[in-house]
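Quick notes on the structure that follows.
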Amino acid sequence: KVNCAQCHAEAAATYDTSIHAAARRKSATSVAPACADCHSAHEIRSAKDPLSRTYPLNLPATCSRCHGDAKIIKQGNIRIGNVAALYKDSIHGHAVTVSGLLVAANCTSCHGSHDIREKNDPQSKVNRANIPGTCGSCHEGIKTMYDQRAHGVARAAGNAKAPVCIDCHSAHGIQRADNANWRLDTVRECGTCHLDKIKTYRDTFHGQVTSLGFVRVATCSDCHTPHSMQKGSDPRSTIWDGNRLKTCQKCHPTA
């Protein structure tokens, strides 16, 4: 067997910390990938080469060879299932595979390349505590807003239940924020934490109309703003006494 570590010692050492390497150590029959599975054997190319398997636009297809294969998913006991299909239909997946945007998030953007780790590993890029930083590497402005507002402040204060990006947007199947189904789903998502608020919202005209599938009425994010929500007692909040009329006038200009 070829020992890639003879030349690529640093990459090999990093790979040894990954979930893939751990799976191969655990079982000699593991289907987890080694170097050649991602880079190929004899036609290895630079990641900057458009023909490389690890070129940003080609990475989803490379990772899908395992994470989109039902047989490998079952054999490898990949509990999350076919994430390749979810990613393909997501806003990130469309940006990469349809629009060809090099700056859009691909698999390694969120998981890393050689050091992919389980989400319960504190050093994993997709560990819950690290999610804001991972998403913020692309969405820096949103990350700054999140850190300074109610959810981010609560998380920084030690509230592990405070929502992070994937709680509202999901992990692999992220949709456009103006997607009708996604807008309606935000009500349910917010309601999983704010049980008292979802109950009273469902009793209102806005709540009853969204229950019928209409999106041209106010949902949670319309009044509270998506990433910069504050407590109602905070003068910066869109629902603070001094700001509430202006907030309602976004939809009801003559109110």
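The values are calculated or read from the model by the stated rules, or taken from the named source; none is laboratory data. Bear in mind that the values here come from a model prediction, so they are computed numbers and not experimental data. Glycine gets a Cβ as well: all are built from the backbone with ideal geometry, and neighbour counts include every protein chain shown. The area values use the complete protein model at the heavy-atom level, side chains included, leaving out ligands, DNA and RNA. Shrake-Rupley method; radii C 1.70, N 1.55, O 1.52, S 1.80 Å.
Per-structure values
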{"item": "Hey, A5 surrounded by 14 or more Cβ atoms within 10 Å (Cβ to Cβ), in contact with a helix residue (DSSP H, G or I) (Cβ under 7 Å, 6 or more places away or on another chain) and among the small types (G, A, S) or not", "result": "yes"}
{"item": "Number of positions in the stretch 108-142 that are among the hydroxyl-bearing types (S, T, Y), crowded, with 20+ Cβ neighbours inside 10 Å and outside any helix (DSSP H, G or I)", "result": "1"}
{"item": "Filter pass, T54 being assigned to a loop (DSSP other than H, G, I, E, B), at negative phi and either surrounded by 17 or more Cβ atoms within 10 Å (Cβ to Cβ) or in contact with a Lys or Arg (Cβ under 7 Å, 6 or more places away or on another chain) (or both)", "result": "yes"}
{"item": "Cβ pairs under 7 Å, 6+ apart, first in the stretch 24-46 and open to solvent by 70 Å² or more (accessible area, probe 1.4 Å), second assigned to a loop (DSSP other than H, G, I, E, B) and not hydroxyl-bearing (S, T, Y)", "result": "R24/A32; R24/A34; R45/L51"}
{"item": "The stretch 185-214, subset open to solvent by 40 Å² or more (accessible area, probe 1.4 Å) and within 25 Å of the chain's Cα centre (by Cα), residue farthest from H151 (Cα to Cα)", "result": "D185"}
{"item": "Residue that is most open to solvent (accessible area, probe 1.4 Å) [pool: residues in the stretch 13-23 that are touching a residue at least 40 places away in the same chain (Cβ under 8 Å) and among the hydrophobic types (A, V, I, L, M, F, W, C)]", "result": "I19"}
{"item": "Residue in the stretch 177-191 that is farther than 24 Å from S90 by Cα and assigned to a loop (DSSP other than H, G, I, E, B) present", "result": "no"}
{"item": "Candidates A105, A85, A156, A162 - the one that is free of Cβ contacts under 8 Å to residues at least 40 places away in the same chain, in contact with a helix residue (DSSP H, G or I) (Cβ under 8 Å, 6 or more places away or on another chain) and open to solvent by 30 Å² or more (accessible area, probe 1.4 Å)", "result": "A156"}
{"item": "The stretch 237-253: number of residues that are loosely packed, with under 14 Cβ neighbours inside 10 Å and under 31 Å from the mean Cα position of the chain (by Cα)", "result": "2"}
{"item": "Near pairs, Cβ below 7 angstrom, 6+ apart or cross-chain, from the stretch 198-214 (within 19 Å of A180 (Cβ to Cβ)) to any residue that is open to solvent by less than 100 Å² (accessible area, probe 1.4 Å) and assigned to a loop (DSSP other than H, G, I, E, B)", "result": "H206/V217; H206/A218; V209/V217; T210/V217; T210/T219"}
{"item": "Members of the stretch 8-51 found to be in contact with a helix residue (DSSP H, G or I) (Cβ under 8 Å, 6 or more places away or on another chain), assigned to a loop (DSSP other than H, G, I, E, B) and hydrophobic (A, V, I, L, M, F, W, C), listed by number", "result": "V31, A32, A34"}
{"item": "Cβ-Cβ under 7 Å pairs, at least 6 apart or on other chains, the stretch 219-242 side touching a residue at least 12 places away in the same chain (Cβ under 8 Å), far side buried (at least 18 other Cβ atoms within 10 Å of the Cβ) and of a type in the set (D, E, K, R)", "result": "T219/R183; H227/R149; S228/R149; M229/R149; Q230/R149"}
{"item": "Within the stretch 172-184, tally of residues that are open to solvent by less than 60 Å² (accessible area, probe 1.4 Å) and under 14 Å from the mean Cα position of the chain (by Cα)", "result": "3"}
